[in-house]
């Protein structure tokens, strides 16, 4: 019966994807996804050669880099999975809990059913990974099998760690899991930092030192197996030998889960429901990392009762504090540490790569975390529409919280980087600071504008969600183009001033800054118009 | 009832369509201060659309709609300032406390010295103990009561209720019914959209039956019941409803 359920769910998933393709939008997003995957395949298939390497040696060098970094990456992925999981076990959806738990199935059958479900998802993801990384593969079959077994391993490993912690916590009556994993993570980072500081020549050398130490060898040994599968050069003995070992590791972990399951049965149900609630919230509000406060909390009165903009902004700042306070704190801490890290530790990485990384964080990662505007208020649009406030006031109020928090994080990052810089680089960094607030206002205006036209939270629904993948890519491309256009306009106006004032950089900065602010102000009526045309009855 | 008074809600020849679907067609009615209009009709009759358009949430297709003398299209802010709307499924801000909701509404509607009024509303709706609780953990009934308290805070002249009693306990139902009567006595014009025909019959002074987006019957409750009384004695609103909409009611034998 469970096999039949698996088949029916697979059929339902395929039906859902095909139904998406029947709409013009779904078809468009699929085309974009396929085009981007093809481009990425072409890009990764090209002999991208590390600096100093000959073209012919490039794939070998890339494989070498993969072999070096992948075990540590897998360890980090496992630790992150344990840290971010809401509970200790394999997760079941509420419908599975309601229908299957009360049905005449053994617990072992249910666990195996769930494992098959995970395995199918892992297989789809592995196919995508294999398609996207042709340059580093020796044999596509090995890459597919390696990716598949690795993804399964991450899932099983984190489940076992969670269950063991649960068992230990029950016997010694102390909170384990997250605190201890966090402690382990901190110890690892400290150890890595120690090796890096000892090497004195950057991140790579420090990591190589750590990897060849006894601690590094012991810690990374289980993960090395999966790297060997991924990079196997022959069917026999390489692939077969390592794959058998990988399968044995996963089978042992699965056996461990079945054995440990009875100790974490109740916690598993609670964790499953918590996970489900988080997904429902994420789909509703777009807040992937947000938590929801419950019960009595400390109240904050609005500092000034300003009708309109103030009320909306105050409410969003409270939401940010209560739902994502921890995430914002993590970002603030990372921003403080990030500056020196980018300047010193990553000294062996090109300046453009570092700028690209910061740009990606600023325009993709932060906006996905700081969702305190229209994007998280889809269900409350009716309430906003009924308020006696002009649309521009509502729109301006919605931009305050994300722009303010985003600017604070970026200012801290730039500030900490500035402390480690000198000469012209320091001057440029200082000169960029005043632009951060108008830049973020522009960024979040565009985020909200796009959202008001296509009001669906950017959260995937299951694996291989073409709609989500396509939308993410289109969203990113459109946003980046508009941002670049806006910033280019402002910079162009600044260049004119530079020309007119006989190369006065102060005039350049003032004119560019004013132009950026004017662009933001010009966007506000457009945003208000988009808000006005938003029809709640069609949602 | 105050027939001579200037209507607080006026709807004239209102039509709303979604693509090819006509949700409401050439609807006209008015509600004077102190009147409570019961808006009834089968699912999909156009009740919620009418209330949403009146509250300025969605634009009308055509027709003239005004609230307290302000045209809802030409002067929406002034109209909304005098209006309170409680949707059928009130969406509250999950991370705000009960009291912060009232503070937010006070700020949005520019209500000065709202503290005592807000405190009294919490007391009336038995929410005082939840003042500093986030609404996420509140029951459906409590959320409904909070939504009504928010709608009452700025003393609106027009109040629109869409299924107001969903999820409420008996004490809550009694409190809200009493509050509606009280607001009407104070001169507010009220519309209640509901499927609970018993509630509409006992509470409303006027009746509007919508079916397939069109008004099938509009008038004083007594008059409507009396009209149908000619055919059958002790007519209830339920009889009237099934008679007008030709919907299939239970066999009465």
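Considered as a group, the residues in the range B:84-116 that are part of a helix (DSSP H, G or I) and in contact with a helix residue (DSSP H, G or I) (Cβ under 6 Å, 6 or more places away or on another chain) include one that is farthest from the other protein chains (Cβ to nearest Cβ), and that residue is B:102.
Listed here are the residues, each with its yes/no results for (1) in contact with a strand residue (DSSP E or B) (Cβ under 9 Å, 6 or more places away or on another chain); (2) in a loop (DSSP other than H, G, I, E, B); (3) without any contact (Cβ under 8 Å) to a residue 24 or more places away in the chain.
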{"site": "B:6", "(1), (2), (3)": "no, yes, no"}
{"site": "B:26", "(1), (2), (3)": "yes, no, no"}
{"site": "B:29", "(1), (2), (3)": "yes, no, no"}
{"site": "B:33", "(1), (2), (3)": "yes, yes, no"}
{"site": "B:49", "(1), (2), (3)": "yes, no, no"}
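Check B:131, B:140 and return the single one that is within 14 Å of chain A (Cβ to nearest Cβ), surrounded by fewer than 19 Cβ atoms within 10 Å (Cβ to Cβ) and within 17 Å of residue B:92 (Cα to Cα).
B:131
All told, residue B:151 falls short of being at pLDDT 90 or above, farther than 24 Å from residue B:7 by Cα, within 14 Å of chain A (Cβ to nearest Cβ) and within 15 Å of the chain's Cα centre (by Cα). Looking at A:312, A:306, just one residue is within 27 Å of residue A:448 (Cα to Cα) and either in a helix (DSSP H, G or I) or at pLDDT 80 or above (or both), and that residue is A:312.
Checked against (1) surrounded by fewer than 21 Cβ atoms within 10 Å (Cβ to Cβ); (2) at pLDDT below 95, residue B:29 meets all criteria but (2). All of A:113, A:118 fail the test of being within 20 Å of residue A:74 (Cβ to Cβ) and in contact with a helix residue (DSSP H, G or I) (Cβ under 9 Å, 6 or more places away or on another chain), apart from A:118. Selection of the range A:229-252 for residues being part of a helix (DSSP H, G or I) and within 27 Å of the chain's Cα centre (by Cα) yields A:229, A:230, A:250. On inspection, residue A:309 does not qualify as surrounded by fewer than 21 Cβ atoms within 10 Å (Cβ to Cβ), more than 14 Å from chain B (Cβ to nearest Cβ) and in contact (Cβ under 8 Å) with a residue 40 or more places away in the chain.
The values are calculated or read from the model by the stated rules, or taken from the named source; none is laboratory data. Note that this is a predicted model, so its numbers are computed, not measured. Here the Cβ is made from the backbone with ideal geometry for all residues, glycine too, and neighbour counts use every protein chain on show.
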